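Report on one structure; see the data block that follows.
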Amino acid sequence: MKLSFYGGAKSVTGANYLLESGNVKILIDCGLRQGSGFCELGNWDEFSYNPKEIAAVFVTHSHIDHIGRLPKLYKEGFRGEVYSTPPTRDFAEVMLLDSDNILEQESKRCKKPSIYNQEDVYNLVRLWKTVEYHRTIEVGPFKITFYNAGHILGSAFILIEAEGKKIVFSGDLGNSPAPIIGDKDNLPETDYCLIESTYGGRIHEDLPKRKELIEDIIEETAKKGGVLMIPAFAMERTQDLLYEIDSLVENGRIPSVPVFLDSPLAIKLTEIYKTHDKYFIPEAREHLMKEGHIFKFKGLKMTMRTEESIAINDVPAPKVIIAGSGMMHGGRILHHVKRYLSDNKSTLLIVGYQGKGSLGRRILDGESIVKIHREEVQVKARIEAIGGYSAHADQPQLIDWLRQMRKRLKKVFTVQGEEDQANALINKIQDELAIEAELPEPNQEMML
């Protein structure tokens, strides 16, 4: 069995792995490479394999850095089948169509042709099949089983068996237990494992503590009469925030202030959540059945239309604005940050991973002046970050997940992380679990 790392090696984004057995080739994920911008120039490169020869693609979850180049794969000749859980398939269609609009702008900025168009997305979705957790399917010599990764709704890690060997692709593992979807599955018996390392050298705040932190930040910003800006990823992070703010409001733990969800994509994805409630933990499902909603509370307004977004400016502070995009590559959050970042009464709260070179990362690193829409903006607002809201497992959780298979595992590959994080995880794996671990090179190929 041959394994090739065509994305996700020494990089957080662009997950793309090729497995070959005999003359059958399958992919695990086919993501967009992201960094200082929504899209990196490498996304226009040709694939390192012939898309026409790929029998199937297995998708771990619906984030763009795991699915963003699937329409390009179709455009260049792929006509096999795509497999994922039902929520991932529904989310992916919305995410890819939304991504197409941003990629078109990026193409013009980079003076490049479009990577794909909406017709490619619709044609791709026609090839998409769904599979539930723990059900095994077969493609040629491969047996494939999806397990709950606890990262976002419908996310999976994937066990693949062929030639008497077993290998697991972690996708992104959740910061468990997540408020709505609960805990991830245990690692099954396997010989090899590709494990994400986004936070391979870091430790998050305790999960209960993050709720206290968001409560304190809302209270303090409201007391000063400022604006709390939260750039949030449309998938899962936004829904987790709404779920926990709902609880704070219902229990009278925060002052009554307007809360705006200013992200058309997040609003669309939130509606999809309601159709997949069987993937919720019992507590969240019970809340949905009792209240008829899990993302609605007094003071919440969802602003779908542009004019509604602009009207947020007319609402006096204090107020809370949750808007995309999560790394501030673009989206409506930029308009709000441009307006309020220079206000020392306001707060910018970072609740997710910020890639190198992104606006969010530069602000977190302490830049005092940033450019937004070609205008210089002074950073005078309070800057806060809550790692506990990350949807990624931290180092202790990653180690605990591997621990149960320490006697079976032959080798672990750290992927989907910056080099320092991947290496920190390697050191911990070797020291604490005594398992051989390796940081693969981009485009590396190896026989298992």
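The values are calculated or read from the model by the stated rules, or taken from the named source; none is laboratory data. Predicted, not measured: the structure shown is a model, and the values here were computed from it. Note that we place each Cβ from the backbone using ideal geometry, even for glycine, and neighbour counts take in every protein chain shown.
Couple of notes before you dig in:
- The residue of region 344-357 that is surrounded by the most Cβ atoms within 10 Å (Cβ to Cβ), among those that are out of contact with any His (no Cβ under 9 Å at 6 or more places or on another chain) and farther than 23 Å from Leu300 by Cα, is Gln354.
- Residue match in region 358-366 (condition: surrounded by fewer than 16 Cβ atoms within 10 Å (Cβ to Cβ), outside the structural domain of Tyr49 (by TED's automatic domain parsing), in contact (Cβ under 8 Å) with a residue 12 or more places away in the chain and of a type outside the set (D, E, K, R)): yes
- In region 49-91, of all residues being of a type in the set (Asp, Glu) and under 19 Å from Pro141 (Cα atoms), the one that is surrounded by the fewest Cβ atoms within 10 Å (Cβ to Cβ) corresponds to Glu53.
- Taking region 73-96 as the range and being in a helix (DSSP H, G or I) and among the hydrophobic types (A, V, I, L, M, F, W, C) as the test, the residues that pass are Leu73, Phe91, Ala92, Val94, Met95, Leu96.
- Residues of region 103-133 satisfying the condition of being assigned to a helix (DSSP H, G or I), in contact with a helix residue (DSSP H, G or I) (Cβ under 9 Å, 6 or more places away or on another chain) and not charged (D, E, K, R): Leu103, Ser107, Cys110, Gln118, Val121, Tyr122, Asn123, Leu124, Val125
- Test: residue in region 49-72 that is in a helix (DSSP H, G or I) and under 15 Å from Ile158 (Cβ atoms): yes
- Test set (1) modelled with pLDDT under 95; (2) loosely packed, with under 15 Cβ neighbours inside 10 Å; (3) more than 24 Å from Thr270 (Cβ to Cβ) - Glu189 fails condition number: (1)
- Test set (1) within 26 Å of Lys166 (Cβ to Cβ); (2) outside any loop (DSSP other than H, G, I, E, B); (3) of a type in the set (S, T, N, Q) - Ser99 fails condition number: (1)
- Boolean, Ile322 is touching a helix residue (DSSP H, G or I) at 6+ places or on another chain (Cβ under 8 Å), closer than 25 Å to Val94 by Cα, assigned by TED's automatic domain parsing to the domain that holds Glu244 and in a strand (DSSP E or B): yes
- When the criteria are applied in full, Ile272 fails the requirement of being over 23 Å from Asp183 (Cα atoms), at pLDDT 90 or above and assigned by TED's automatic domain parsing to the domain that holds Gly252.
- Pair list, Cβ under 8 Å, 6 or more apart: region 104-115 residue of a type in the set (S, T, N, Q), other residue in a loop (DSSP other than H, G, I, E, B): Gln105/Gly330; Ser107/Pro113; Ser107/Ser114; Ser107/Ile115
- Which numbered condition Glu46 misses (of (1) over 20 Å from the mean Cα position of the chain (by Cα); (2) surrounded by 22 or more Cβ atoms within 10 Å (Cβ to Cβ); (3) acidic (Asp, Glu)): (2)
- Here Glu418 clears all of (1) assigned by TED's automatic domain parsing to the domain that holds Leu241; (2) out of contact with any Ser or Thr (no Cβ under 7 Å at 6 or more places or on another chain); (3) at pLDDT below 95; (4) not polar (S, T, N, Q) except the condition numbered (1).
- Selected residue (criterion: farthest from the chain's Cα centre (by Cα)) from residues of region 9-29 that are more than 26 Å from Gly164 (Cα to Cα) and buried (at least 20 other Cβ atoms within 10 Å of the Cβ): Ser11
- Cβ pairs under 9 Å, 6+ apart, first in region 218-235 and more than 27 Å from Asp98 (Cα to Cα), second of a type in the set (Ser, Thr, Tyr) and in a helix (DSSP H, G or I): Gly226/Tyr340; Val227/Thr221; Val227/Tyr340
- Residue list for region 119-154, filter: touching a strand residue (DSSP E or B) at 6+ places or on another chain (Cβ under 9 Å), surrounded by 14 or more Cβ atoms within 10 Å (Cβ to Cβ) and among the β-branched types (Val, Ile, Thr): Val125, Thr130, Val131, Ile137, Val139, Ile144, Thr145, Ile152
- Just one of (1) more than 24 Å from Lys143 (Cα to Cα); (2) surrounded by fewer than 24 Cβ atoms within 10 Å (Cβ to Cβ); (3) in contact with a strand residue (DSSP E or B) (Cβ under 9 Å, 6 or more places away or on another chain) fails for Gln34. It is (3).
- A count restricted to region 234-269 and to residues that are aromatic (Phe, Trp, Tyr) and either modelled with pLDDT of 90 or more or crowded, with 24+ Cβ neighbours inside 10 Å (or both) stands at 1.
- If you go through region 140-187 and keep only what is assigned to a loop (DSSP other than H, G, I, E, B) and under 19 Å from Met447 (Cα atoms), you end up with Gly140, Pro141, Glu163, Gly164.
- In region 239-255, the count of residues that are in contact with a Ser or Thr (Cβ under 7 Å, 6 or more places away or on another chain) and of a type in the set (A, V, I, L, M, F, W, C) is zero.
- Inter-residue pairs, beta-carbon under 7 Å, first not assigned by TED's automatic domain parsing to the domain that holds Arg79 and in region 53-64, second buried (at least 22 other Cβ atoms within 10 Å of the Cβ) and modelled with pLDDT under 95, 6+ apart: none
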